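One structure below.
None of the figures in this text is laboratory data; all of them are computed from the coordinates on show. Computed from a prediction, not measured in an experiment: that's the story for all the values here. Here the Cβ is made from the backbone with ideal geometry for all residues, glycine too, and neighbour counts use every protein chain on show.
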Amino acid sequence: MKKNPWIGLVPLIDPEKESLWMLPGYMEGVLAAGGVPVMLPLTQERAVISELADRLDGLIFTGGHDVSPSVYGEGPLPQCGRFLPERDEMEKLLLDAALERNLPVLGICRGLQFMNAALGGTLYQDLPTQHPSEVEHEMKPPFDRAAHEVTVLADTPLAQILGNGVLGVNSRHHQAVKELAPCLKPMAISPDGLIEAAYLPGKSFVLGVQWHPEHFFKKDDGCLALFQALVAAAARQ
Ligand code: MN
């Protein structure tokens, strides 16, 4: 068992400020779970990605901009938000490198969406127009509270971490999984039928959740448990 495993965080991007940044919650969540958070550079250099994947013990695919529709073979609808192909490119390489090495990965919000798209699934580009419902998927602040429920599916890694049953989650997304990638399995479903968590069977720990544990882990034990599960898997690397 490794002590204090290093968890790489995909950087957030602010094109206007020409800057990379990180929400403290991602780092604090990893720290609270006993890991060491490391914010990654934005790079598409295979050698650098390979080196990062060799040295890190786990990864978080963070939230952020919309996924480029080209990742799942579509053109952008007018309601699609801004996307940054340079980030998609990096994440494709990083995900491949992680899967080759069986590196633990937690996808959060966009992270789940990206993994699904990169592995052959599709996304709703905009829920209000493509999947309208009464469920509040784009909540207003504060984000450290539940916006809607999800049903955790039995016999999944999420059920092992959180237990079976219904869970209150926060929700800040206007995109979502549409068709799940053939290699992924669902782990949680919203009341309007969206897949809000999924995993990749056959790997030690490749999980994605549509909600935001980084906003909620200080109050919600289930959100903290997700960081702890990632760090525990990374410690076994
Ligand atoms: Mn939601």
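Assuming G168 fulfils every condition listed in (1) within 13 Å of the ligand (Cβ to nearest atom); (2) crowded, with 17+ Cβ neighbours inside 10 Å; (3) of a type outside the set (S, T, N, Q); (4) outside any loop (DSSP other than H, G, I, E, B) apart from one, which condition is it?
Answer for G168: the failing condition is (2).
Is there any pair linking a residue in segment 225-237 that is farther than 15 Å from P213 by Cβ to one that is charged (D, E, K, R) and surrounded by fewer than 19 Cβ atoms within 10 Å (Cβ to Cβ), with Cβ under 7 Å and at least six apart or on different chains, and which?
Listed pairs, sorted by first residue: A235/K2; Q237/K2.
Consider only pairs whose beta carbons are under 7 Å apart and that are at least six residues apart or on different chains; among these, list those whose first residue lies in segment 158-176 and is more than 18 Å from N116 (Cα to Cα) and whose second residue is within 16 Å of the ligand (Cβ to nearest atom) and assigned to a helix (DSSP H, G or I).
Listed pairs, sorted by first residue: I161/L226; L162/G222; L167/G222; N170/H215; N170/F216.
Filter segment 18-51 for residues that are in a strand (DSSP E or B) and of a type outside the set (V, I, T) and give the result. So that I can check it myself, show each step before the final result.
We begin by selecting, within segment 18-51, every residue in a strand (DSSP E or B); these are 19-21, 36-39.
If the condition is that a residue be in a strand (DSSP E or B) and of a type outside the set (V, I, T), then S19, L20, W21, P37, M39 are the ones that fit.
What tally of residues in segment 61-97 results from selecting those that are closer than 26 Å to H131 by Cβ and outside any loop (DSSP other than H, G, I, E, B)? First the steps, then the outcome.
Kept after step one, since they are closer than 26 Å to H131 by Cβ, are these residues of segment 61-97: 61-85, 87-88, 91-92, 95.
Those left that are additionally outside any loop (DSSP other than H, G, I, E, B): 61, 66, 69-72, 83, 85, 87-88, 91-92, 95.
Total satisfying the criteria: 13.
Could you go through segment 185-199 and let me know if any residue there is assigned to a loop (DSSP other than H, G, I, E, B), closer than 21 Å to A229 by Cα and not small (G, A, S). Steps first, please.
Of all residues in segment 185-199, those assigned to a loop (DSSP other than H, G, I, E, B) come to 190-194.
Among the residues that remain, those that are also closer than 21 Å to A229 by Cα are: none.
No, segment 185-199 contains no residue that is assigned to a loop (DSSP other than H, G, I, E, B), closer than 21 Å to A229 by Cα and not small (G, A, S).
Mind checking which residues of segment 126-155 are of a type in the set (A, V, I, L, M) and either more than 10 Å from the ligand (Cβ to nearest atom) or in a strand (DSSP E or B) (or both)?
First pass over segment 126-155, keeping only residues of a type in the set (A, V, I, L, M): 127, 135, 139, 146-147, 150, 152-154.
Within segment 126-155, A146, V150, V152, L153, A154 meet the criteria.
Go through segment 201-226 and give me each residue that's assigned to a loop (DSSP other than H, G, I, E, B), crowded, with 20+ Cβ neighbours inside 10 Å and over 13 Å from the mean Cα position of the chain (by Cα).
Just the residues of segment 201-226 that are assigned to a loop (DSSP other than H, G, I, E, B), to begin with: 201-205, 210-212, 217-220.
Retained after the next criterion (residues that are crowded, with 20+ Cβ neighbours inside 10 Å): 205, 210-212, 217, 220.
Answer for segment 201-226, where residues must be assigned to a loop (DSSP other than H, G, I, E, B), crowded, with 20+ Cβ neighbours inside 10 Å and over 13 Å from the mean Cα position of the chain (by Cα): F217, D220.
Quick one: L112 ticks every box in (1) farther than 18 Å from G81 by Cα; (2) within 11 Å of the ligand (Cβ to nearest atom); (3) out of contact with any Asp or Glu (no Cβ under 6 Å at 6 or more places or on another chain) except a single one, so which number is it?
Every condition holds for L112 apart from (1).
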